[in-house]
Structure formats: structure tokens, C-alpha cells
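Worksheet: the structure to be examined is printed underneath.
The values are calculated or read from the model by the stated rules, or taken from the named source; none is laboratory data. Only a predicted model underlies this, so the values are computations on that prediction, with no experimental measurement involved. Every residue, glycine as well, gets a Cβ built from its backbone with ideal geometry; the counts of neighbours run over all protein chains shown.
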Amino acid sequence: MSAADIHHAGLSPTVALRDVQRADLDMLFEWQQNPEGCAMAFVKPRSRPAFDAAWDKVLTERENTASGLVAKLILSDQVPCGSIGTHSTNGELQVGYLIARPFWNQGIATRALALLLAQLPVRPLHARAAARNTASIKVLLKNGFRITGTKWGDETDRYLACEEIIFLLQ
């Protein structure tokens with residue numbers, strides 16, 4: 001039974017996390033190119049050189065376990081379907097995730113974030129979501145993040161300009 005069959009049958013897929021490995025990067029690169037996902041999250045897909053540089057940094061930094069930095073692959077019924085992790089921005093530990101388009105609307109992001117939070121005792125954790133990204137906002141709120149404000153996020157090489165909602169988990 002495929003993940004789509006499980007969803008349509010009303011069954012919840014089993015969600016698990018494992019460390020991202022270099023062999024996963026081609027798949028992750030393809031997922032971050034999805035136009036619908038990019039539009040929803042107000043992000044620009046990275047070029048392959050920029051993607052590789054970013055992931056080289058992620059995989060190197062996560063070796064420092066004291067930092068709280070993690071990079072996990074999300075598995076739905078043992079099938080890779082997304083990524084979740086933390087990164088440091090302006091001295092704040094931020095959480096972020098990506099779910100591949102075929103796996104949207106199955107509750108996978110919510111369960112993956114709950115698993116990550118159980119494995120990662122570091123607090124506070126911060127998050128941001130585009131104000132129009134209602135799916136991500138729901139995921140964060142269901143996992144105990146609270147809204148601390150909003151701000152206008154200017155366009156960068158990675159993000160489109162948009163109103164952002166700021167979240168905190170203590």
C-alpha cells in the first residue's frame with residue numbers, strides 16, 4: 001500500500017526520523033525545487049552549487065552535537081518524504097522542515113516535528129513561517145510553539161519578501 005493509499009484509506013502513516021546522509025542530497029535537491037512548495041513557503045529554490053554548499057555546512061555543523069544542530073530525513077512508512085532540522089540564525093536556534101509534495105496533508109510534518117522535539121531537549125527553539133503558509137503555522141502551533149509577533153521579511157537570495165509570523169518554543 002502506497003502512502004497515498006494509506007492516506008485515502010484513513011490510516012496514518014508511521015513517521016520516523018534518521019540522520020540525513022550525503023546519498024540523500026539528490027532527492028532533497030529535487031524536493032526543494034517544487035514550485036508549489038516554494039510559493040507556499042516564500043522561498044527560492046537553490047541552484048545546485050548553492051544547495052551543495054548549504055548542505056555541506058549543515059552536515060559539517062551537525063557534527064558539533066553541543067550546538068543543537070540536527071539534520072534529519074523524514075520517513076513515512078519507511079519511505080523518504082521530507083527533511084527536518086535546526087539551524088542557527090542571528091544566534092537563535094531555528095527549526096525548519098520540508099515535506100515532498102506527494103506527502104502533503106497527511107499529518108507527517110506535525111508528527112515529524114513532535115519526534116524532533118522529543119529528541120532535541122534544547123530550548124528555546126524559534127521558527128518563522130510566511131503568514132500565508134497556514135499549513136506550517138498549524139504544524140508549529142500543534143507542537144506547542146507560540147506566536148510572539150510578526151515582521152516583514154525582506155527579499156534575500158533565499159527568501160521572497162513577505163509577512164512572517166515569529167514563533168517560540170520554551
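Miscellaneous remarks
- Residue within the stretch 148-166 that is surrounded by 14 or more Cβ atoms within 10 Å (Cβ to Cβ), at pLDDT 95 or above and within 22 Å of ALA71 (Cβ to Cβ) present: no
- Residue in the stretch 89-103 that is in contact with a Cys (Cβ under 7 Å, 6 or more places away or on another chain) and over 20 Å from GLN119 (Cβ atoms) present: yes
- Within the stretch 5-30, residues that are farther than 15 Å from VAL79 by Cα and basic (Lys, Arg) have Cβ atoms under 8 Å from residues that are outside any loop (DSSP other than H, G, I, E, B) and modelled with pLDDT under 95 in these pairs: ARG22/LEU59, counting only partners at least 6 apart in sequence or on another chain.
- Scan of the stretch 138-160 for residues that are in a loop (DSSP other than H, G, I, E, B), more than 25 Å from ALA50 (Cα to Cα) and among the hydrophobic types (A, V, I, L, M, F, W, C), ordered by number: PHE145
- Pair list, Cβ under 9 Å, 6 or more apart: the stretch 151-170 residue more than 14 Å from ASN90 (Cβ to Cβ), other residue among the acidic types (Asp, Glu) and not in a strand (DSSP E or B): ALA161/ASP154; ALA161/GLU155; CYS162/GLU155
- Identity of the residue in the stretch 81-137, part of a helix (DSSP H, G or I) and among the charged types (D, E, K, R), that ends up surrounded by the most Cβ atoms within 10 Å (Cβ to Cβ): ARG111
- Qualifying residue in the stretch 54-76 (condition: touching a Gly at 6+ places or on another chain (Cβ under 8 Å), charged (D, E, K, R), surrounded by 17 or more Cβ atoms within 10 Å (Cβ to Cβ) and not in a strand (DSSP E or B)): yes
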